[in-house]
Amino acid sequence: MAQESSSKLAVASAELRAQEDLPPLEELVPHRAPMLLLDRVLSHDAESVVCQVTIRADSAFLESIVDRANLPPELMVPAVVGIEYMAQCVASFAGLAARATGGTPRIGFLIGCRELTLEVDGFRIGDTLEVRARRVWGENNVGSFVCEIARETKTVAKGILTVYQGPLPDHAETSAANGPNNQEGSKP
């Protein structure tokens, strides 16, 4: 019995060390508060990453929502924000991959979300969510990730994200710098 407890403690200790060895999200993604929505990376390997977020009273995007059971409205983060949780989880994967080769985090873009399923209307204050992303395809600057969000052991959202992380065409950067209503060459 003592050997079994010792073995479980050794496994828990190794998991804790692995978590301690993981860098803070600020070192992995280009987001900063208040748009850095995830709390931390829990684990990763060559093809996947698991992150965590706990919904708090000061979490971004809280709003009054009536859930599917028609209960009185309560403050929740709408489930559709889960797409951004998944996208930031993918960004942490890219940041960890860049870090492994001596690189730095780069800006990426969500270019599509397919097969999105939301099993809940929102995430309640106090919910701790595990956000998982697994690369299923990737070539050059484009990749596809199967993502899911779990609350406790139940999957509450899932989808397939397609992302791009590469250079923008010169005209896109110029247009962005000039603003949406000021086309290059036009008078302000």
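Throughout, read-outs are computed from the coordinates displayed, never taken from laboratory work. In this text the structure is predicted, and so the values were computed from the model without any measurement. Here the Cβ positions follow ideal geometry from the backbone for every residue, glycine too, while neighbour counts run over all protein chains shown.
How many of the residues in segment 111-147 are among the charged types (D, E, K, R) and without any contact (Cβ under 8 Å) to a residue 60 or more places away in the chain?
Counting residues in segment 111-147 that are among the charged types (D, E, K, R) and without any contact (Cβ under 8 Å) to a residue 60 or more places away in the chain gives 5.
Select from segment 139-173 the residues that are surrounded by 13 or more Cβ atoms within 10 Å (Cβ to Cβ) and small (Gly, Ala, Ser) and list them in ascending order.
GLY143, SER144, ALA150, ALA157, GLY159, listed by residue number.
Hey, does segment 107-114 have a residue that's more than 15 Å from the chain's Cα centre (by Cα), buried (at least 18 other Cβ atoms within 10 Å of the Cβ) and of a type outside the set (Val, Ile, Thr)?
No - not one qualifying residue is present in segment 107-114.
Of the residues LEU129, LEU96, which single one is touching a Lys or Arg at 6+ places or on another chain (Cβ under 7 Å) and within 21 Å of GLN52 (Cβ to Cβ)?
Answer to the selection: LEU129.
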